[in-house]
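Participant: Just dropping this structure here.
The values are calculated or read from the model by the stated rules, or taken from the named source; none is laboratory data. This structure is a prediction, so every number in the text was calculated from the model and none was measured. Note: ideal-geometry Cβ built from the backbone for every residue, glycine included; neighbour counts use all protein chains shown.
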Amino acid sequence: MSHNNEDRTLAYQLISFVFIGMLLVFFASVLVTRSIYKKIILDTQLDNMRHLAHERVYLLDGIMANVEALGRVSLDLMSNPQIISSTLEEHLKNVLLDNPTVHSICYVQDPEDGGRPQMLNTIRNSFIKREISGKDFLYYDWYQIPTISGKAGWIEPWFDGEGKGVLMVSYAMPMYQSGEITGVLRFDIELAYLQELLIHNASFRVGNSFLVSSTGTLISYQDPNLVMHQTLFSLAQEYDDPDLAVWDMPW
């Protein structure tokens with residue numbers, strides 16, 4: 001009788017050890033499977049975020065490249081003395097009507113001889129042209145940078161007090177006649193338009209995305225308090241993150 005009890009006790013022990021071993025294997029397999037699936041899901045999400053980020057970068061690059069191309073064509077027309085003013089104005093009007101990305105166009109010719117900036121924009125498909133009085137424009141970046149450097153380029157976001165009173169991103173080009181700079185042609189994009197594309201797009205509801213200028217200034221971010229008030233370098237110093245300060249600027 002005692003022999004049977006010992007066999008039964010031994011059997012119970014063996015069953016218990018096997019059950020515990022199987023339970024441990026089960027929990028280990030669950031943890032390993034969970035870890036593998038978690039890694040797969042994270043990798044998939046990271047790939048999706050990279051794809052969406054590249055998509056937005058290509059979109060913004062395409063918009064800016066299109067504005068640059070429109071600006072170069074318009075600059076060639078304005079530099080051609082055979083083109084009459086009415087033809088030029090009709091061309092600029094069509095550029096504005098056919099390209100809603102371009103918020104406004106401004107040009108100034110022969111400012112030393114009294115030339116004043118001419119502002120062109122559209123409101124509800126109506127073409128509006130007006131002259132900007134005063135000489136304050138001579139000290140604005142959109143005028144000084146191309147006239148000093150002699151090269152076309154994008155200007156840091158600036159406040160357009162003569163227009164809608166909003167922040168603009170502008171592509172400014174020097175105008176030449178006989179090898180001399182005689183004026184500036186400027187194509188404007190409203191900064192809010194770029195912010196809408198990047199921040200408020202449905203694809204970017206998860207995660208943070210931002211846009212910086214060539215000097216590292218935040219010009220688009222989910223926290224509006226940081227926009228135009230912080231740079232990557234000031235944030236790197238504030239959060240003691242040196243990696244932020246060595247980023248390559250996208251513009």
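Participant: Pick from I63, I84, I132, I105: which is under 15 Å from M168 (Cβ atoms), out of contact with any Lys or Arg (no Cβ under 8 Å at 6 or more places or on another chain) and of a type in the set (A, V, I, L, M)? Let's see the steps before the verdict.
Facilitator: Values: I84 fails: under 15 Å from M168 (Cβ atoms); I132 fails: out of contact with any Lys or Arg (no Cβ under 8 Å at 6 or more places or on another chain); I105 fails: out of contact with any Lys or Arg (no Cβ under 8 Å at 6 or more places or on another chain).
Answer to the selection: I63.
Participant: Additional query: Checking the conditions here, which among V95, V108 is surrounded by 13 or more Cβ atoms within 10 Å (Cβ to Cβ), touching a Leu at 6+ places or on another chain (Cβ under 9 Å) and not in a strand (DSSP E or B)? Let's see the steps before the verdict.
Facilitator: Details: V108 fails: not in a strand (DSSP E or B).
Selected residue: V95, the only one of V95, V108 that is surrounded by 13 or more Cβ atoms within 10 Å (Cβ to Cβ), touching a Leu at 6+ places or on another chain (Cβ under 9 Å) and not in a strand (DSSP E or B).
Participant: List, please: which pairs have Cβ atoms under 9 Å, are six or more places apart or on different chains, and start with a residue in region 172-191 that is free of Cβ contacts under 8 Å to residues at least 60 places away in the same chain and end with one that is in a strand (DSSP E or B) and among the hydroxyl-bearing types (S, T, Y)?
Facilitator: Close Cβ pairs satisfying both conditions: P174/T182; L191/S220.
Participant: Just to be sure before I move on: is P157 within 22 Å of L92 (Cβ to Cβ) and surrounded by 12 or more Cβ atoms within 10 Å (Cβ to Cβ) in the structure I sent? Working first, answer last.
Facilitator: On the way: within 22 Å of L92 (Cβ to Cβ): no; surrounded by 12 or more Cβ atoms within 10 Å (Cβ to Cβ): yes.
Criteria not met by P157.
Participant: So, in region 127-143, exactly how many residues are closer than 15 Å to I105 by Cβ and outside any helix (DSSP H, G or I)?
Facilitator: Taking region 127-143 and keeping what is closer than 15 Å to I105 by Cβ, we get 127-132, 137, 142-143.
Subset that is outside any helix (DSSP H, G or I): 127-132.
Adding up the residues that qualify gives 6.
Participant: Only one of L226, L218 is in a strand (DSSP E or B), modelled with pLDDT under 70 and not charged (D, E, K, R). Can you tell me which? Even if it seems obvious, please write down each step before you answer.
Facilitator: On the way: L226 fails: in a strand (DSSP E or B).
The unique qualifying residue is L218.
Participant: Please count how many residues of region 125-145 are without any contact (Cβ under 8 Å) to a residue 40 or more places away in the chain, surrounded by 12 or more Cβ atoms within 10 Å (Cβ to Cβ) and not acidic (D, E).
Facilitator: The qualifying residues number 9.
Residue-wise test of (1) free of Cβ contacts under 8 Å to residues at least 12 places away in the same chain; (2) farther than 30 Å from E180 by Cα; (3) more than 31 Å from the chain's Cα centre (by Cα); (4) not assigned by TED's automatic domain parsing to the domain that holds V169.
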{"site": "R56", "(1), (2), (3), (4)": "no, yes, no, no"}
{"site": "N66", "(1), (2), (3), (4)": "no, no, no, no"}
{"site": "A69", "(1), (2), (3), (4)": "yes, no, no, no"}
{"site": "I83", "(1), (2), (3), (4)": "yes, no, yes, no"}
{"site": "H103", "(1), (2), (3), (4)": "no, no, no, no"}
{"site": "N121", "(1), (2), (3), (4)": "no, no, no, no"}
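Participant: Applying the selection to region 140-153, what residues are under 18 Å from M119 (Cα atoms) and touching a helix residue (DSSP H, G or I) at 6+ places or on another chain (Cβ under 8 Å)?
Facilitator: The answer is Y143, Q144.
Participant: Next question. Any idea which residue in region 148-195 is modelled with the highest pLDDT, counting only those that are part of a loop (DSSP other than H, G, I, E, B) and within 22 Å of the chain's Cα centre (by Cα)? Please lay out each step first, then the result.
Facilitator: Filtering region 148-195 for residues part of a loop (DSSP other than H, G, I, E, B) gives 150-152, 160-166, 178-179.
Of the ones still in play, those that are also within 22 Å of the chain's Cα centre (by Cα) are 152, 160, 164-166.
Numbers: A152: 95, D160: 83, K164: 70, G165: 75, V166: 80.
Here the residue is A152.
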